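What follows is a set of notes on a single structure, which appears directly below.
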Amino acid sequence: MRQWLISAGSTSLDGLKLVEAAEPAPGAGEVAVRVRACSLNFRDQIIPLGLYMGGVVQQDTVPLSDGAGEVVAVGAGVTSLAVGDRVAGIFFQDWMDGLPNPGMGVALGAPPAPGMLQDMVVLPEHGVVKLAETLDFTEAACLPCAGVTAWNALMEGPRPVKAGDTVLVLGTGGVSLLALQIAKAAGATVIATSSSDEKLERVKALGADHVINYRTTPEWGAEAARIAGGGVDKVVEVGGAGTLKQSIAAVGFAGEIALIGVLTREGDTSPHGLMFKGASIRGIFVGSKGMAQRLNAFIDAHGIKPVVDRSFAMEGLKDAFAYQSSAGLFGKVAITL
């Protein structure tokens, strides 16, 4: 079978190699999944660069956390899955539900966990979730990291989004567009930002109620607060240090900033602006299997389709990474196997 590897010691995308490997067989309590599609996340770019948590990979590692396919074999003792079931891996292999905890387990696509970018992968029975019935493999492959992250940011925690709330999403990457779609389906008003007027027209077509060009409106946080009548209820903060100050300006009284991003590393991260409004920041690091299942049920109930910007063949991984890093990105980049 085909298998992409991040070479041990890799510090650039040149460390990626496509190899042939023997097909694995499931052991007791495991399932073998024929992978049909994968999707890319920002995390996947920085692991081969040696910039992810843990630094440079010390062993050859199959990349990508997000993949979907069908079960082709089950090991002894497997009872909840059968050959032919359509499934995706869950990001944290041992986080079944509840609050973040020290026992969440390994995250797919980084050592010592397996990755999804191979023709077949073996995972524990509890480490996969059945797909949303209304999605194809490529659409479903967009959810394990970005989709669950957006769901966790909006619908989990102490203040789930409800009808009548206002949500601010930053940019037009995978998490932000999925958050826009989930928030609209939940009955919220959505404000979206981008530096591209063309992209802002596209997010309006997806349902965004208000848009802000952050290039022409540098104080976009205050503008979002104005549009919301004093402050937004939820900010899906994917930018990181460079955007947090503006997100604090945008959030309203008793509102929440769902802190996800590391796309920008420098900026004012003082939390003092939250104090006066009784607002909070909640750290988001993907989510649990239960969250993935609730997201899938919500997607089926509301007919949400993840935005797949472009798909590449398996051999085109490096081209897919290049496109993911380009200014043209709108939504998710997929790999079809």
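Check Val106, Val122, Val87 and return the single one that is surrounded by 20 or more Cβ atoms within 10 Å (Cβ to Cβ) and either within 19 Å of Pro48 (Cβ to Cβ) or not small (Gly, Ala, Ser) (or both). Step by step, each of Val106, Val122, Val87 is checked, and only Val87 is surrounded by 20 or more Cβ atoms within 10 Å (Cβ to Cβ) and either within 19 Å of Pro48 (Cβ to Cβ) or not small (Gly, Ala, Ser) (or both). Pick from segment 46-69 the residues that are in a strand (DSSP E or B) and not β-branched (Val, Ile, Thr): which of them is surrounded by the fewest Cβ atoms within 10 Å (Cβ to Cβ)? Checking each candidate, the answer is Gly69.
Restricting attention to segment 139-178, which residues are of a type in the set (A, V, I, L, M, F, W, C) and more than 25 Å from Val106 (Cα to Cα)? Within segment 139-178, Val161, Ala163, Val167, Leu168, Val169, Leu170, Leu177 meet the criteria. Can you name every residue in segment 234-243 that is surrounded by fewer than 23 Cβ atoms within 10 Å (Cβ to Cβ) and at pLDDT 95 or above? Once the filter is applied, which keeps residues that are surrounded by fewer than 23 Cβ atoms within 10 Å (Cβ to Cβ) and at pLDDT 95 or above, segment 234-243 yields nothing. Of the residues that make up segment 82-89, is at least one of a type outside the set (Asp, Glu), in a loop (DSSP other than H, G, I, E, B) and within 22 Å of Ala301 (Cβ to Cβ)? No, there is no match, as no residue in segment 82-89 is of a type outside the set (Asp, Glu), in a loop (DSSP other than H, G, I, E, B) and within 22 Å of Ala301 (Cβ to Cβ).
Residues that are out of contact with any Ser or Thr (no Cβ under 7 Å at 6 or more places or on another chain), crowded, with 16+ Cβ neighbours inside 10 Å and under 22 Å from Trp151 (Cβ atoms) are absent from segment 13-28 altogether.
Let me confirm something: among Thr166, Thr193, which residue is over 18 Å from Arg282 (Cβ atoms) and among the β-branched types (Val, Ile, Thr)?
On the way: Thr166 fails: over 18 Å from Arg282 (Cβ atoms).
Just a single option satisfies the conditions, and that option is Thr193.
Go through segment 1-45 and tell me which strands (runs of 3 or more DSSP E), entirely inside it, have 1 or more residues that are among the hydroxyl-bearing types (Ser, Thr, Tyr).
On the way: elements: 2-6, 16-20, 30-39.
So the answer is 30-39.
Hey, any hits in segment 93-108 for a residue that's within 18 Å of the chain's Cα centre (by Cα) and either in a strand (DSSP E or B) or under 17 Å from Gln3 (Cα atoms) (or both)? For segment 93-108, residues within 18 Å of the chain's Cα centre (by Cα) and either in a strand (DSSP E or B) or under 17 Å from Gln3 (Cα atoms) (or both): present.
The values are calculated or read from the model by the stated rules, or taken from the named source; none is laboratory data. Please read all numbers here as calculations on a predicted model, not as lab measurements. Cβ: placed from backbone, ideal geometry, glycine included. Neighbour counts: every protein chain shown.
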